[in-house]
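Quick notes on the structure that follows.
Since every read-out is calculated from the coordinates, none of them should be taken as a lab result. Owing to the predicted nature of the structure, the values given are computational and were not obtained by experimental measurement. So basically every Cβ, Gly included, is an ideal-geometry build from the backbone, and we count neighbours across all protein chains shown.
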Amino acid sequence: MTLERSKPNLRVSVIGAGSWGTALAIMAARAGHDVKLWSRNTDVVISIQRARTNSIYLTGIVVPENVFVSSDLSPVLRDADLVVMAAPSHVVRSLLERIGGEIAERTVLVNSAKGIEVETGNRISEIAKEILLAGSFVCLSGPSFAKEVVLDHPTAIVAASSDPEAARFVQAALSYKNFRVYTNGDVIGTELGGSVKNVMAIGAGMVSGLGLGANSLAALITRGLAEMTRLAISQGGQLETMMGLAGLGDLVLTCTGSLSRNRFVGEQLARGRTIAEITSEMTEIAEGLNTTRAVKTLADLSGVEMPIVNEVNDVLYRGKRVRDAVNALMSRPLRDEI
């Protein structure tokens with residue numbers, strides 16, 4: 001398959017109109033493409049159609065006129081050059097099963113969801129390969145808060161694919177002004193970095209919620225990166241990826257940024273609130289809640305030591321107190337760093 005890197009006015013379909021899906025649609029439209037955006041939420045569709053803003057997930061940002069929005073998948077997918085999956089990871093399988101027959105073989109599928117399927121432990125690329133069987137797959141990941149992207153803050157992310165031409169195609173299509181897309185060939189490392197960092201961000205939030213300082217946060221980020229790297233390499237990922245945008249970059253952002261939903265969850269847990277109380281107030285999903293279970297299962301099956309993941313899992317699903325989880329990490333047997 002030959003992809004035209006410089007082709008103007010691509011037909012870009014974005015599936016999912018949360019903050020990130022809306023941001024990607026806006027950036028693609030600003031780059032001059034014809035964009036179609038799908039949302040299952042009719043309130044979102046009506047808001048964009050009438051006021052040209054997503055009043056639920058990305059308030060105060062104008063959605064360009066060249067973004068068509070609908071709750072009907074068929075017209076959104078028709079003749080698409082790029083289909084960007086921007087829905088939460090736990091619904092990606094069902095969405096791919098719905099749209100699989102409507103995606104042409106020439107269409108490039110881009111996934112921006114950061115998670116692992118809890119029931120199977122599969123990464124999104126594995127789910128896509130199972131369901132679609134053909135076509136090019138690109139994973140889009142890296143340190144990127146939606147609101148900062150649409151406010152034109154300089155942002156760098158990565159498009160990863162086993163098909164270098166497809167990665168470069170997405171790079172050319174989505175890069176625009178201060179939104180810079182790099183490429184790499186390590187889908188495994190890119191997907192795992194984007195997923196596991198959400199678990200670490202919950203841990204970082206717990207540290208913050210306990211009132212601990214920069215020393216503690218720096219330690220958690222550094223040791224969290226070591227855990228992420230061990231898991232990624234065990235699955236066939238590359239060390240260089242974990243030191244890059246999809247690994248270290250995304251980890252630092254999500255563990256320190258005030259816009260991080262996963263960090264927010266950890267902070268609130270440390271202050272004594274329950275998961276039900278916290279999530280009832282959130283308009284979007286904190287991927288780390290489901291991903292924690294999936295990562296722990298994958299690590300256990302692979303024989304990979306991930307003590308931070310284990311402690312976050314115990315807090316989330318076994319009733320452990322946050323303070324006790326931190327104490328457990330600090331009282332582990334002494335060992336060499338590397």
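Would you say Val187 is touching a Leu at 6+ places or on another chain (Cβ under 7 Å) and either surrounded by fewer than 24 Cβ atoms within 10 Å (Cβ to Cβ) or under 29 Å from Arg223 (Cα atoms) (or both)? Reasoning before the result, please.
Values: touching a Leu at 6+ places or on another chain (Cβ under 7 Å): no; either surrounded by fewer than 24 Cβ atoms within 10 Å (Cβ to Cβ) or under 29 Å from Arg223 (Cα atoms) (or both): yes.
Considered against the rule, which asks whether it is touching a Leu at 6+ places or on another chain (Cβ under 7 Å) and either surrounded by fewer than 24 Cβ atoms within 10 Å (Cβ to Cβ) or under 29 Å from Arg223 (Cα atoms) (or both), Val187 comes out as no.
Looking at the structure I just gave you, is Leu289 in contact (Cβ under 8 Å) with a residue 40 or more places away in the chain and under 26 Å from Ala146 (Cβ atoms)? Before the answer, list the steps.
On the way: in contact (Cβ under 8 Å) with a residue 40 or more places away in the chain: yes; under 26 Å from Ala146 (Cβ atoms): yes.
The answer is yes for Leu289.
Kindly indicate the residue of segment 97-123 that is in a helix (DSSP H, G or I) and not basic (Lys, Arg) and also nearest to Ser19 (Cα to Cα) among those meeting that condition.
Our first condition is that a residue be in a helix (DSSP H, G or I); within segment 97-123, this holds for 97-102.
Then drop every residue that is not not basic (Lys, Arg), which leaves 97, 99-102.
Details: Glu97: 23, Ile99: 22, Gly100: 24, Gly101: 27, Glu102: 25 Å.
Ranking the qualifying residues of segment 97-123, first place goes to Ile99.
Within segment 243-291, which residues are among the hydrophobic types (A, V, I, L, M, F, W, C), closer than 21 Å to Ile124 by Cα and in a helix (DSSP H, G or I)? Steps first, answer last, please.
Taking segment 243-291 first, the residues among the hydrophobic types (A, V, I, L, M, F, W, C) are 243, 245-246, 248, 251-253, 255, 259, 264-265, 269-270, 275-276, 278, 282, 285-286, 289.
If we keep only those that are closer than 21 Å to Ile124 by Cα too, we end up with 245-246, 248, 251, 285-286, 289.
Within segment 243-291, Leu245, Ala246, Leu248, Leu251, Leu289 meet the criteria.
So in segment 227-245, with the set limited to residues that are crowded, with 17+ Cβ neighbours inside 10 Å and of a type in the set (A, V, I, L, M, F, W, C), which one is farthest from the chain's Cα centre (by Cα)?
Looking at residues that are crowded, with 17+ Cβ neighbours inside 10 Å and of a type in the set (A, V, I, L, M, F, W, C), I get Ile233.
Mind listing whichever residues of segment 156-175 are part of a strand (DSSP E or B) and buried (at least 18 other Cβ atoms within 10 Å of the Cβ)? Walk me through how you get there before you give the answer.
The first filter runs over segment 156-175 and keeps only residues part of a strand (DSSP E or B), leaving 156-160.
Selection gives Ile157, Val158, Ala159, Ala160.
I need a count of the residues in segment 92-110 that are crowded, with 17+ Cβ neighbours inside 10 Å and without any contact (Cβ under 8 Å) to a residue 60 or more places away in the chain. Working first, answer last.
So in segment 92-110, the residues crowded, with 17+ Cβ neighbours inside 10 Å come out as 92-93, 95-96, 99, 103, 107-110.
Retained after the next criterion (residues that are without any contact (Cβ under 8 Å) to a residue 60 or more places away in the chain): 92-93, 96, 103, 107, 109.
Of the residues in segment 92-110, 6 are crowded, with 17+ Cβ neighbours inside 10 Å and without any contact (Cβ under 8 Å) to a residue 60 or more places away in the chain.
Do you know which residues across segment 112-126 are closer than 30 Å to Val63 by Cβ and crowded, with 21+ Cβ neighbours inside 10 Å? First the steps, then the outcome.
Our first condition is that a residue be closer than 30 Å to Val63 by Cβ; within segment 112-126, this holds for 112-115, 124-125.
Answer for segment 112-126, where residues must be closer than 30 Å to Val63 by Cβ and crowded, with 21+ Cβ neighbours inside 10 Å: Ser112, Ala113, Lys114, Gly115, Ile124.
Restricting to segment 300-309, name every residue that is part of a helix (DSSP H, G or I) and surrounded by fewer than 21 Cβ atoms within 10 Å (Cβ to Cβ).
Residues of segment 300-309 that are part of a helix (DSSP H, G or I), as a first pass: 300-302, 307-309.
Within segment 300-309, Asp300, Leu301, Ser302, Pro307 meet the criteria.
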